[in-house]
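See structure below.
The values are calculated or read from the model by the stated rules, or taken from the named source; none is laboratory data. Keep in mind that this is a model prediction, so the values were computed, not measured. Areas reflect the complete protein model, heavy atoms only, side chains present, ligands, DNA and RNA absent. Shrake-Rupley method; radii C 1.70, N 1.55, O 1.52, S 1.80 Å.
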Amino acid sequence: MPELFRVGALEVTFALVFTVLALCEVTRLRRQSKQLLRRIEMSRLEAQKGAELSIAHASLQRGYSQARALIHLMGEFNQVMEFQAVLDRLSRGLSQFFAGDDVAIWIRNTGGNFELAAGVRHDVASAVGSDAALLRSVLAQGSAVMPPAWQQTERPWMAAPLLDWRGLGLGVIVLTSHRRSAYTVEDADFLRAVLAHAAMAIQNAARFQVADRLSRLDALTGLGNRGDFDRALYEGAARALPAAGPLSVLLADVDHFKQINDSRGHPEGDRVLRHVAQLIAQAAGEPSRAFRIGGEEFTVLLGLAKPAAISVAVLLCARVSQEAFFGDSTRLTLSIGVAALPEDGRDPATLMAAADHALYRAKAAGRNRVNAA
């Protein structure tokens, strides 16, 4: 019996020992499990932090690229003053930043219609066309970019108005892509930032264009002035001579114009000059070919051979002589000298000298006539 008690005591002791050992092992495993869970959580947090840092880095890289692109574009704008050059550089800069996407810029003219003014690849032009309703709807959105960045379309596009520094709509810029599925919010933000910086450059270029155009015009008649004629003659000769192309000059003078000023007054003389200028512009085919180079003297540049230019001069001379400039029977006449490249001169100076000599002979022969060099 005592032995049985001893055996039972040993079993209980062993059971207690095993229980204690088991509890210790459970405790150890639980502690290791908690440590492992903490490590897993820390790893998860580190991974999340790493992902966040990666996103933040990508955002900083994108911002850096955008800032560099903006600085580059501003430098491009500062190098040019012509309105067309600013639009060309704007479209090229945006296309480069958006990895070669199509860019088209429409400008609204004085009549309210849209004209395609610049672009890179013109697929976008054929896709959008000059849809006035669409372009007007973009202008109506103020500074917003259309369509919303989250809108999925078959071919991604975004458009925004070109505004001057006063917020007035000058035109519309449209981008389309063949590669991406959609433009992002960041893309729209960058486009807005570019256009905000471009507004002053565009406005300054528009002002420069107006000032440049006015500087080329004769204030009284609206034809080109002497400086504009000299430029056009030089450019025309530079094109015509290498290609052996025709270029003729008509040098016209209003006969006895001083008598009109003396007898009828300078305001009436000015009215007559404006009227004569209209007739000369009509004969030239377009005002950009006709010029008032001083007093009652006008010139016309024609891309015609001498015989055809002489015919134009004869018709102009007859047209002026038949025009009723006054309420009485008084008539006005022109004397015209004609010279052409290359037979009458191979540079602007000799060509004008030949035309001037031909005009002198027309006046000496009785006026109201055409004389060819």
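Below is a table of values for the structure above.
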{"quantity": "Note, ³J(HN,Hα) from phi for region 308-316, Karplus 6.51, -1.76, 1.60, rounded to Hz, x at Gly and Pro", "calculated": "5, 5, 4, 4, 4, 5, 5, 5, 5"}
{"quantity": "Extension gain, ALA305 back to ALA140 (0.36 nm per residue minus Cα-Cα distance, nm)", "calculated": "54.3 nm"}
{"quantity": "Whole-angstrom gap from region 219-270 to region 192-215, using each part's C-alpha centre", "calculated": "31 Å"}
{"quantity": "Anchor LYS363: lysines whose Cα lies under 25 Å away (excluding residues fewer than 8 positions away in-chain)", "calculated": "LYS258, LYS306"}
{"quantity": "Å² of accessible area per residue within region 137-262, as computed with a 1.4 Å probe and no ligands counted", "calculated": "49 Å²"}
{"quantity": "Length gained when the stretch ARG361-GLN209 is fully extended (0.36 nm per residue, less Cα-Cα span)", "calculated": "50.7 nm"}
{"quantity": "Share of carbon and sulfur in the accessible heavy-atom surface of region 196-243 [1.4 Å probe, %]", "calculated": "58 percent"}
{"quantity": "Region 251-315 - percent of accessible surface contributed by carbon and sulfur, probe 1.4 Å", "calculated": "55 percent"}
{"quantity": "Equivalent ellipsoid, region 245-373 (semi-axes from 5 times Cα gyration tensor eigenvalues, Å)", "calculated": "25, 14, 13"}
{"quantity": "SER311 - accessible surface, heavy atoms, 1.4 Å probe, Å² rounded to 10", "calculated": "60 Å²"}
